[in-house]
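Chemist: Please find one structure pasted underneath; my questions will follow.
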Amino acid sequence: MTSTHEKIQPVEGLAKHSDEELAARAKAMESILVEKGIIGSDAIDYMSSVYENEVGPQLGAQVVAKAWTDPEFKQRLLADATEACKELGFSGMQGEEMTALENTDDVHHLVVCTLCSCYPWPVLGLPPNWYKYPAYRARAVRDPRGVMKEFGLDLPDSVEVRVWDSSAELRYFVLPQRPAGTDGWTEEQLAALVTRDAMIGVGDVRHPEG
Amino acid sequence: MQTINERPSPDTKPRVDSLVDVLPFNDRIPRHDGEVAFDHAWEIRAFAMTVALHERLGFPWEEFQAELIGAIERWEAAQSDLAQWSYYERWLAALEELARGKGWVTGDELDSRTREILDQPSTKDHHHAVRDPVAIVPAGRDA
């Protein structure tokens, strides 16, 4: 976390504000405004969804593309995602473990945080607003296939669905299946096919045209 | 039933883009592939809060622009290394000034709420690792 602290600049010549303090101030402001009825959290959620794909490190697509092209990396990723992700150059969050879940022809994984919004931030960036909505947290467990259908993912009935609960100590993300028709593609080309929703398990990766 | 994967309407993004375009020190706004981008979750909340307040309450965007210019100037007056400032840290300072000026919050309210939040461990509710699936829908159940 030291690297992010170094980026934070002093406020009005006072002591340096850490990223944690700035996050708390922003949260304090939001909670007071919402409590007083000055603005609704739904209105703030709506505006944050305009750019929500542009937040955070978003290394997930790179991680997935590398796993698709490098079988040894894939093995390391499935054995210990926290360590394997470090190979791609991010330090991650201290004391927090990540696990990658591999989709196959027979099993599809879906990730939810049933209590709050625990999420593999270093890999996926900012969680989408819906990730913290009670509707998603409850229905992902009760009716995962229904939720996926809402996102446009209609899995064949022959596939088993497993739902995983991310927590502060252990956060999950999905390693989707490599789409057909991508033989010989570079990691960079493949990474462009990987969507955030596919790594949460609610959506599919993009498929090559034609 | 609540729609989970609602996306903003197509006219929203150009409208928000045009608000960003008129902000001071535009070249300092962090971008990724040309799009407005954020390094931290709190940055997008501060950003979204400000735009939502402008749209819902109808105060002129120029008022926020002016606060942002003021916040950046205050920083420059206090610092020797003028190149080293964080856009969204200044953004948050400007939003606080605006909110105080409008009477939405007081400085004391903000300070005490911030302390409350900092004193509360962020992961207190959901700490332990859950190592097995919480639900399994077997294949071919309805087949």
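Chemist: Just the number, please: Stokes-Einstein D of region A:128-170 in µm²/s, Kirkwood Rh from C-alpha pairs, 25 °C, 0.890 mPa s. Write out the running numbers ahead of the final one.
Modeler: On the way: Rh = 11.5 Å.
Estimated diffusion coefficient is 213 µm²/s.
Chemist: On to the next question. Just to be sure I understand: with springs between alpha-carbon atoms less than 10 Å apart, which residue in B:ASP132, B:ASP27, B:ASP17 has the highest mean-square fluctuation in the Gaussian network model of chain B?
Modeler: Residue with maximal mean-square fluctuation among B:ASP132, B:ASP27, B:ASP17: B:ASP132.
Chemist: Can you tell me the length gained on complete extension of the stretch A:LYS36 to A:ALA192, counting 0.36 nm per residue apart and subtracting the Cα distance? Write down the numbers at each step before the final one.
Modeler: Details: separation 156, 0.36 × 156 = 56.16 nm, distance 4.29 nm.
Contour length minus the Cα-Cα distance gives 51.9 nm.
Chemist: Next question. Between B:VAL51, B:VAL130, B:VAL20, which gets the highest mean-square fluctuation from a Gaussian network model of chain B, Cα cutoff 10 Å?
Modeler: B:VAL130
Chemist: Just how large is the dipole of the protein assembly as shown about the Cα centre, in debye to the nearest 20, putting +1 at every Lys and Arg Cβ and -1 at every Asp and Glu Cβ?
Modeler: On the way: 36 positive and 61 negative charges, 127 e Å.
Dipole of the protein assembly as shown, to the nearest 20 debye: 620 debye.
Chemist: Taking the Cα centre of region B:12-106 as origin, work out the dipole magnitude from +1 charges on Lys and Arg Cβ and -1 charges on Asp and Glu Cβ, in debye rounded to 20.
Modeler: Around 340 debye, computed over region B:12-106.
Chemist: Could you give me the percent of Cα pairs per 10 Å distance bin for region A:56-200, shortest bin first, beginning at zero and ending with the bin that holds the maximum distance?
Modeler: Bins of 10 Å from zero give 11, 43, 36, 9, 0 percent of pairs.
Chemist: Ok, one more. Can you report the principal axis dimensions of region A:121-210 using only the alpha carbons, biggest first, rounded to whole angstrom?
Modeler: 41, 33, 20
Chemist: Provide, for q = 0.11, 0.12, 0.15 Å⁻¹, the log10 of I(q)/I(0) from a solvent-free Debye sum over equal Cα point scatterers in the protein assembly as shown.
Modeler: Debye intensities relative to I(0), on a log10 scale: -0.80, -0.94, -1.36.
Chemist: For the protein assembly as shown, what is the percent of antiparallel DSSP beta bridges, rounded to the nearest 5?
Modeler: On the way: 6 of 19 bridges.
Percent antiparallel among DSSP bridges in the protein assembly as shown is about 30.
Chemist: In nm, what is the difference between 0.36 nm times the number of residues separating B:TRP61 and B:SER112 and their Cα-Cα distance?
Modeler: Working: separation 51, 0.36 × 51 = 18.36 nm, distance 2.84 nm.
Length gained, B:TRP61 through B:SER112: 15.5 nm.
Chemist: Also, I was wondering about something else. Is any residue of region A:17-56 close enough, with backbone N under 19 Å, to a label point placed 7 angstrom from the Cα of A:ALA138 along the Cα-Cβ axis, and if so, which?
Modeler: Of the residues in region A:17-56, A:42 have backbone N under 19 Å from the label point off A:ALA138.
Chemist: Using a 4.7 Å Cβ cut-off, which Cys residues in chain A lack a partner cysteine?
Modeler: Flagged as lacking a Cys partner: A:CYS85, A:CYS116.
Chemist: For the protein assembly as shown, with the dipole built from +1 on Lys and Arg beta-carbon atoms and -1 on Asp and Glu ones, taken about the Cα centre, which of B:ALA71, A:VAL34, B:PRO8 lies farthest toward the positive end?
Modeler: Towards the positive end, the residue furthest out is A:VAL34.
Chemist: Skipping prolines and chain starts, which residues have an amide H placed within reach, meaning under 5 Å, of the one on A:GLY203, given they are 5 or more residues away or on another chain?
Modeler: Result for A:GLY203 returns A:ALA198.
Chemist: Given a cut-off of 26 Å, what percent of all Cα-Cα pairs of chain B lie beyond it?
Modeler: Numbers: 4478 of 10153 pairs.
Everything past 26 Å amounts to 44 percent.
Chemist: Given springs between every Cα pair under 10 Å in a Gaussian network model of chain B, which of B:PRO14, B:PRO133, B:PRO24 has the largest fluctuation?
Modeler: Looking only at B:PRO14, B:PRO133, B:PRO24, the biggest GNM fluctuation is shown by B:PRO133.
Any read-out appearing in this document is the output of simple, stated calculations on the displayed coordinates, not a laboratory observation. Here the structure is a predicted model, which is why all the values come from computation and not from measurement. Positions of Cβ are generated from backbone atoms using ideal geometry, with glycine treated the same way; all protein chains shown enter the neighbour counts.
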